[in-house]
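Visitor: Below you'll find the structure I mean.
Just so you know, all these numbers are worked out from the coordinates, no wet-lab data involved. Keep in mind the model is a prediction, meaning the values are calculated, not measured. Neighbour counts run over all protein chains shown; Cβ positions are idealised from the backbone, glycine included.
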Amino acid sequence: MSLLPVALRRQAGPGPARRSSAEGWLALLLLLPAGLVVFGVVLYPVARTLVVSLYDVTSSMPGDYPFVGLDNYVRVFKDSGFYAALGHTLYFTLLSTLLELVLGIAVALLLNAPLRARWLWRSIIVLPWALPTIVNGAMWRWIYNGQYGALNGLLATLGISESPTQWLGSPFLALNMVIAADVWKNTSIVVFFILAGLQTIPNELYEAARIDGAGRWQMFRQITLRLLAPAIAVVLVLRTIEAFKVFDIVYVMTGGGPASGTQTVAFYTYLQAFSNQLFGYGAALAYLIVLAVFALAMGYLKLLRQGQMAGVE
């Protein structure tokens, strides 16, 4: 009996099935650290928050708290404070997203033009977005200060207003000032999304449109906007989701005041859970925010698909 086949099998090493199994275990081993992080940072807290929302938890200490089922969720929809915070959130989301989109498109068109030192202007425009939100909020709180703020000083220097204005002193005005600070910071990221979309549009389309006698507004509406539809869809809904969850800039600039005029849903949830020690109720509020963000994410996917179809057409 020849020993050649046995020797060949030994040289060939393990079979395909064994190699596949070994590669699978190796892949699982490499993914294990990331899986543990996702479980510890995302999955477990989400599951734990759901459990807490079903109990009347009124302390951060472990204990035997009564089970209330969906009572915390029912309580949310009977809470006038929640509806006030929801109104502030919707106003903040709609106005800030609209302003960021309009300003972002305008600045992106300017930066896409053949300017001198264009790389320098593009570098400068990213600075507000790179600034941490906490620092941004503290800076604008100083600018808006009614006694020694830079905004009142500028208006007085220009002769526009002699008497100082308390920019964060009334609820509606303070909410709009927070929106202005948020727009100043986040317009930068919108600019770069739109600028990336502009650079994918061939110049030949504009040249052909000029030959056909199209004006600048017609070219902008028929070519630029239509081909920017995918980028606009991504920017619009991503910024909507982020604006709906706004918390940090409100916390730093106004603390939810004055007279709760700048409280958003996220900030209201923080107050209920950690200031009022209503952890079960706060958990229910947090889950409703998650559901709202999930709905916005589904809208994002739908708009993105529609934007891609519009871009193809």
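Visitor: Based solely on its DSSP helices, what 222 nm [θ] is calculated for the chain when runs of n ≥ 4 H residues each add -39,500 (n - 2.57) and the sum is averaged over all residues, nearest 500 deg cm²/dmol?
Guide: Helix-only estimate at 222 nm: -22000 deg cm²/dmol.
Visitor: A further question on this structure: Compare Thr254, Thr97, Thr200 in a GNM of the chain, Cα atoms joined below 10 Å, and give the one with the largest fluctuation.
Guide: It is Thr200.
Visitor: Take Phe274, project a point 7 Å from its Cα along the Cβ direction, then tell me which residues of segment 50-88 have their backbone nitrogen under 15 Å from it.
Guide: Under 15 Å, as judged by backbone N against the label point of Phe274, lie 60 of segment 50-88.
Visitor: Of Val234, Val135, Val252, which is the most mobile in a GNM of the chain whose springs link Cα atoms less than 10 angstrom apart?
Guide: Maximum among the listed residues: Val135.
Visitor: A further question on this structure: Can you give me the distance in nm between label points at Gln199 and Ile134, each placed 7 Å from the Cα along the Cα-to-Cβ direction?
Guide: 3.3 nm
Visitor: Tell me the relative contact order for segment 85-312 as a rounded percent, counting alpha carbon contacts under 8 Å between residues six or more apart.
Guide: 29 percent
Visitor: Another question, if that's okay. Quick one: which residues, 5 or more positions from Tyr55 or on another chain, have an amide H under 5 Å from its amide H? H modelled 1.01 Å from N in the peptide plane, none for Pro or chain starts.
Guide: Here the answer is Val68, since their amide H atoms fall under 5 Å of that of Tyr55.
Visitor: Determine which lysines satisfy two conditions relative to Lys185: a Cα distance under 25 Å, and not lying fewer than 8 residues away in the same chain.
Guide: Lys245
Visitor: Please report the relative contact order for segment 18-131, taking Cα pairs under 8 Å with a sequence separation of at least 6, and give it as a percent rounded to a whole number.
Guide: Result for segment 18-131 is 11 percent.
Visitor: At 0.36 nm per residue, minus the direct Cα-Cα distance, what do Leu225 and Tyr83 gain on full extension? Give it in nm, one decimal, please.
Guide: Gain on stretching Leu225 to Tyr83: 47.5 nm.
Visitor: For the chain, what are the DSSP H helices with axial Cα length of 30 Å or more and mean Kyte-Doolittle hydropathy of at least 0.5? Can you show the working numbers first?
Guide: Details: long enough: 16-38 (32 Å, 1.01); 80-112 (47 Å, 1.51); 171-198 (39 Å, 1.58); 279-312 (49 Å, 1.31).
Within the chain the helices that satisfy the rule are 16-38, 80-112, 171-198, 279-312.
Visitor: With θ set to phi - 60°, apply the Karplus curve 6.51 cos²θ - 1.76 cosθ + 1.60 along segment 259-272 and write out the HN-Hα couplings as whole Hz, x wherever there is a Gly or Pro.
Guide: In residue order, the calculated couplings are 6, 6, x, 10, 6, 9, 4, 5, 5, 4, 4, 4, 5, 5 Hz.
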